[in-house]
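What follows is calculated from the coordinates using simple rules that are stated; it is not laboratory data. The structure presented is a predicted model; accordingly, all values stated were derived computationally and were not measured. Positions of Cβ are backbone-derived with ideal geometry, glycine not excepted, and every protein chain shown enters the neighbour counts.
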């Protein structure tokens, strides 16, 4: 369903299990950054009424997820910790060349967001299946479903705003190929994407 070219390295979940405090901190910041990304789309493309409405809802949902992760961190007696640079997201967002029309720029941003949400969905599925903590298993199962919805939302919007569906699909395939090579190098750190 997600179209990912390469699944996460099975060793990643072992790293996540041993470093759950760091995973939760990274996850919290991922949610906060997703909310910021939605707001940035509103600021950059205010004339796209349906995009603005979708991003308002998304930003609110992502901040509610941030709050939920933060509450889990506090409940477990952990500290939020500092934000860390997300190499995965930086590389995904740099895939498409600069320049082009505003619509190309919008479509590229939407495709990048769709891919990040797809990989998050896959990682949350792994956590929901492999963690021993029953509350975290249930939590990540619910968020997996939410991430799948976000993935399809961004992909649908990208296809809507492009003048040619085939062009979007070709961009999407090239981004998926790039991500497959990228994810092969990652998965050795206690990050949601890394």
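Value of Rg to Rh for region 15-100, rounded to two decimals, is 1.06; Kirkwood radius and Rg both from alpha-carbon coordinates.
Taken as Cα centroids, region 101-118 and region 24-100 sit 14 Å apart, rounded to the nearest whole angstrom. The residues 102, 119, 84, 159, when put in order of fewest to most other Cβ atoms within 10 Å, stand as 102, 84, 159, 119.
Neighbour counting of Cβ atoms within 10 Å sorts the residues 140, 161, fewest neighbours leading, into 161, 140. Largest GNM mean-square fluctuation among 99, 81, 180, using the chain with Cα springs under 10 Å: 99. By the count of other C-beta atoms within 10 Å, a proxy for reagent exposure, 125, 82 are ordered fewest to most as 82, 125.
If you run the Gaussian network model on the chain, springs between alpha carbon atoms under 10 Å, then out of 116, 73, 43 the most flexible one is 43.
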